[in-house]
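Peer 1: This is the structure I have questions about; it appears just below.
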Amino acid sequence: MSADPAPSLPTPSVPFADLGLPEPLLRALSDVGYESPSPIQAATIPPLLQGRDVLGQAQTGTGKTAAFGIPMVERVDPKDKRCQVLVLVPTRELAEQVAGEINEIGQYKGVHAVAVYGGASFTPQIKAFQEGTPIVVGTPGRVMDHMRRRNLHLDAVKMFCLDEADRMLDMGFIRDIRKVLDLLPPQRQNLLFSATFSDEIRRLASGLL
């Protein structure tokens, strides 16, 4: 798979329908007020739908979550209750935000995401795993905790996303990130989003994508 950097993007004028999205996704996007794709969405959604790896540079507020959330909802099998997609984020607030937006996007396809993070009870998170959720959005520490306790299994993961990678490294998560990567299936689609690209981010991206 190839990596597609998207650092500087033109303003799109095409509607979401022109990206080849199915009706349930278009209806959900209309419900949440999306009319046409933002630059990061227009640049990343087509290659992600094709199964390609993507490296995206995007600030908060550019529509980044939908840029990877839309292809995730489209590519997972709602009948398969195993974890098919794992998204690592740096904070509890971002985990809740990303999972919430994915749930809005997936509402008509029966695709659900669960947010897992420290400082909250394990019980509802474990219950969500047992009931089945194809998309897991979590902070590295809590994801590692669930893996150690054998609550979360990653053998069916086919998409992996590292969101706000620069913040993740600033917060010292690189060791946990590498541990999670070691346990993921080698054949998977990889996504990395970051507002900035330091040498450390580039090294991480070169090993991931």
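Peer 1: Quick one: count up the residues across region 94-132 that are hydroxyl-bearing (Ser, Thr, Tyr) and surrounded by 15 or more Cβ atoms within 10 Å (Cβ to Cβ).
Peer 2: 2
Peer 1: Just checking, how many residues over region 192-209 are in contact with a Ser or Thr (Cβ under 6 Å, 6 or more places away or on another chain) and surrounded by fewer than 13 Cβ atoms within 10 Å (Cβ to Cβ)?
Peer 2: Final tally of qualifying residues: 0.
To keep it simple, each residue is scored yes or no on (1) under 23 Å from Ile105 (Cα atoms); (2) of a type in the set (S, T, N, Q); (3) surrounded by fewer than 17 Cβ atoms within 10 Å (Cβ to Cβ); (4) in contact with a Ser or Thr (Cβ under 7 Å, 6 or more places away or on another chain).
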site: Val136; (1), (2), (3), (4): yes, no, no, no
site: Leu162; (1), (2), (3), (4): yes, no, no, no
site: Asp166; (1), (2), (3), (4): no, no, no, yes
site: Gly172; (1), (2), (3), (4): no, no, yes, no
site: Pro185; (1), (2), (3), (4): no, no, yes, no
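Peer 1: Now a separate question. Looking at this structure, is Gln189 open to solvent by less than 10 Å² (accessible area, probe 1.4 Å) and touching a residue at least 60 places away in the same chain (Cβ under 8 Å)? Even if it seems obvious, please write down each step before you answer.
Peer 2: Numbers: open to solvent by less than 10 Å² (accessible area, probe 1.4 Å): yes; touching a residue at least 60 places away in the same chain (Cβ under 8 Å): yes.
So Gln189 passes the test.
Peer 1: Within region 169-178, can you find the residues that are under 23 Å from Arg52 (Cα atoms) and in contact (Cβ under 8 Å) with a residue 24 or more places away in the chain?
Peer 2: If the condition is that a residue be under 23 Å from Arg52 (Cα atoms) and in contact (Cβ under 8 Å) with a residue 24 or more places away in the chain, then Ile177 is the only one that fits.
Peer 1: If I ask for residues that are touching a strand residue (DSSP E or B) at 6+ places or on another chain (Cβ under 6 Å) and closer than 11 Å to Arg75 by Cα, which ones from region 41-56 would you list?
Peer 2: If the condition is that a residue be touching a strand residue (DSSP E or B) at 6+ places or on another chain (Cβ under 6 Å) and closer than 11 Å to Arg75 by Cα, then Leu48, Gly51 are the ones that fit.
Peer 1: Determine which single condition Ser30 fails, assuming it passes every other condition in (1) of a type in the set (Ser, Thr, Tyr); (2) over 23 Å from Arg167 (Cα atoms); (3) at pLDDT 95 or above.
Peer 2: Single failed check for Ser30: (3).
Peer 1: Also: With respect to the numbered conditions (1) of a type outside the set (Val, Ile, Thr); (2) surrounded by fewer than 18 Cβ atoms within 10 Å (Cβ to Cβ); (3) modelled with pLDDT of 95 or more; (4) closer than 20 Å to Arg188 by Cβ, which one is the sole condition not fulfilled by Pro5?
Peer 2: Among (1) of a type outside the set (Val, Ile, Thr); (2) surrounded by fewer than 18 Cβ atoms within 10 Å (Cβ to Cβ); (3) modelled with pLDDT of 95 or more; (4) closer than 20 Å to Arg188 by Cβ, the lone unmet condition for Pro5 is (3).
Peer 1: Which is modelled with pLDDT of 95 or more and acidic (Asp, Glu), of Asp163, Asp170, Asp182, Asp176?
Peer 2: Only one candidate qualifies: Asp163.
Peer 1: Right, something else. Might you check whether a residue that is under 20 Å from Met72 (Cα atoms) and either without any contact (Cβ under 8 Å) to a residue 40 or more places away in the chain or not hydrophobic (A, V, I, L, M, F, W, C) (or both) occurs anywhere in region 119-128?
Peer 2: Scanning region 119-128, I find at least one residue that is under 20 Å from Met72 (Cα atoms) and either without any contact (Cβ under 8 Å) to a residue 40 or more places away in the chain or not hydrophobic (A, V, I, L, M, F, W, C) (or both), so the answer is yes.
The values are calculated or read from the model by the stated rules, or taken from the named source; none is laboratory data. For clarity, every value in this text was computed on a predicted model and none was experimentally measured. All Cβ positions, glycine included, derive from the backbone under ideal geometry; neighbour counts span all protein chains shown. Side chains are part of the model used for accessible areas, which takes the heavy atoms of the whole protein and leaves out ligands, DNA and RNA. Shrake-Rupley method; radii C 1.70, N 1.55, O 1.52, S 1.80 Å.
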